[in-house]
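Q: This structure is in C-alpha cells; I'll ask about it shortly.
Here, each number is a calculation from the coordinates, and none is a lab measurement. This structure is a prediction, so every number in the text was calculated from the model and none was measured. Glycine also receives a Cβ, built like all others from the backbone with ideal geometry; neighbour counts cover every protein chain displayed.
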Amino acid sequence: MIIGIGKTITLLAACTCTVVRGFNPINNQTRSLASGSASASASASALSESLLSDSDVWKSFDPSELGVGGTYGLGISAVVPRPIAVITTVSAVESKEEEKNGDVGHGHGNGNESVVNCAPFSYTGLVSHDPPMVCHGICLSSKGKKDTLVNIENTKQWVFNVMSMPWVEKANACAVECDSGTSEIDIAGLHTLPCENIAAPRVEEAMVSMECELDSIKEVFNDDGKHTTSIVFGRIVRYHVHTSVLAGDLDANRPIIDLEKMQFVGRAGGVTYFPAGEGKSLTMERP
C-alpha cells in the first residue's frame, strides 16, 4: 500500500495499544478505559450494554457487495494504526568487485549500475520473533508489479526502514510514481548507508532499519483469478538502531526502542498518518 503524495498530511494524536478504547456511536464520544479502575469498569459495562441493546447502531457489510474501492477504504480505516515500512531495494545485486568500484548507486541506470528503489508500504507487520520475520503486502498496480516487488523477487533481499516523525515528509515523497531507472532517494532528498549482510542500502534518516532476506512469497488472487497482491515474508538478518532512540539502562542483549524517543509514524485511513509518542503513551500492567 503506497502512501499518496501531493495531498494534505493529517497527524492524529495517538497512544500505545496498551489502552483499551471504546467508541460510543450514539453520542460520538471516544473514551480511554484503564483497567483496575471501578469507574472504568462501570463505564465499560454501561457502554457495552448500550451498544448491545440497540441494534440500530450496528451496520454490517458484505465485502462482495462493497467492491474493491469499498473494501479498500473500510479496510485501511479499520485496521489502524499500521506500521509503515519504507522499503529500499536494488535492481540487481552486483559482484563484490563491482561494489568496490562503486557501481551500486542511487541514480539513473546505465546498464551497469544498480538503481536503489525506495517506497513506503503500510500493509506491513512483524509476524515472528523466533526467527525474527516481517511481512509486507505489495499490491500490483494497473501497470503490473511495482519496482519494489520486482527487485525483491530478483535479489531476494530488502531493507525495512521504520518511518518516524523527523523524516515523514521525505518518506511520503518516495511514493511518487517514476520510471525504474530513477531513484526515489534522490527525489526525496534522502541519504543512504551501506548494509552489512545485503547489497541494498538503508536510509540514513531512519533511526531503525532491518536488513531482510526473502523467505517466501504468497501470491493473492481475487475472485476473478487476477493476481492483485504479493505478500513477501522476510527474515531479519541484521538490525540497525540509532543509540538516541534506545531505552536506557537495559541489558545489552535485550535492546528496546523507546516509543517517545523514536516518534513512530503509522498509517490510518485515507492519506492520514498516525504518530505515536511525544508524551501520548500510556503504560499499563499486564494482568
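Q: What is the spin-label model distance, in nm, from Asp56 to Ala92 if the labels are put 7 Å beyond Cα along the C-beta direction?
A: Roughly 6.7 nm, to one decimal.
Q: Further question: Taking R0 as 35 Å, what FRET efficiency do you get between Glu65 and Glu177 from their Cβ-Cβ distance, rounded to the nearest 0.05?
A: Details: r = 31 Å, r/R0 = 0.88.
So, using R0 = 35 Å, E works out to roughly 0.70.
Q: Kindly rank 129-140, 203-214 from highest to lowest mean number of other beta carbons found within 10 Å of each residue.
A: Numbers: 129-140: 16.0, 203-214: 21.9.
Packing proxy ranking, top to bottom: 203-214, 129-140.
Q: If you add up the charges near Ser180, with Lys and Arg at +1 and Asp and Glu at -1, over every other residue whose beta carbon is less than 13 angstrom from its beta carbon, what do you get? Mind showing how you got there, number by number?
A: On the way: positive: Lys143, Lys145, Lys146; negative: Glu113, Asp147, Glu177, Asp179, Glu184.
Summing Lys and Arg as +1 and Asp and Glu as -1 gives -2.
Q: Among Trp158, Trp167, rank each residue by its count of other Cβ atoms within 10 Å, from fewest to most, as a rough exposure measure.
A: On the way: Trp158 28, Trp167 21.
Neighbour counts put them in this order, fewest first: Trp167, Trp158.
Q: Still on this structure, I have one more. Taking 0.36 nm per residue of separation and subtracting the Cα-Cα distance, what length does fully extending Lys156 through Lys261 add?
A: Working: separation 105, 0.36 × 105 = 37.80 nm, distance 3.21 nm.
Full extension of this stretch gives 34.6 nm more.
Q: Note down the net charge around Tyr239, summing +1 for each Lys or Arg and -1 for each Asp or Glu among other residues with Cβ under 11 Å from its Cβ. Intermediate values should be presented prior to the final figure.
A: Details: positive: Arg202, Arg238; negative: Glu196, Glu211.
So the surrounding residues net to 0.
Q: Under 5 Å between amide H atoms, partner at least 5 residues away or on a different chain: which partners does Met133 have, H built in plane at 1.01 Å?
A: Correct list: Val127, Ser128, Ile236.
Q: Which of the peptides 193-201, 57-65 is most tightly packed, and how do the rest follow, judged by the mean count of other Cβ atoms within 10 Å per residue? Write out the running numbers ahead of the final one.
A: Details: 193-201: 17.6, 57-65: 8.4.
Sorting 193-201, 57-65 by mean packing, highest first, produces 193-201, 57-65.
Q: Among His240, His227, what is the fewest-to-most ranking by other Cβ atoms within 10 Å?
A: Numbers: His240 18, His227 12.
Fewest-to-most Cβ neighbours within 10 Å comes out as His227, His240.
Q: What does the charge count around Gly75 come to, taking other residues whose C-beta lies under 15 Å from its C-beta (Lys +1, Arg +1, Asp -1, Glu -1)? Intermediate results must be reported in sequence, preceding the final value.
A: Details: positive: Arg82, Arg267; negative: Asp62, Glu65.
In short, 0.
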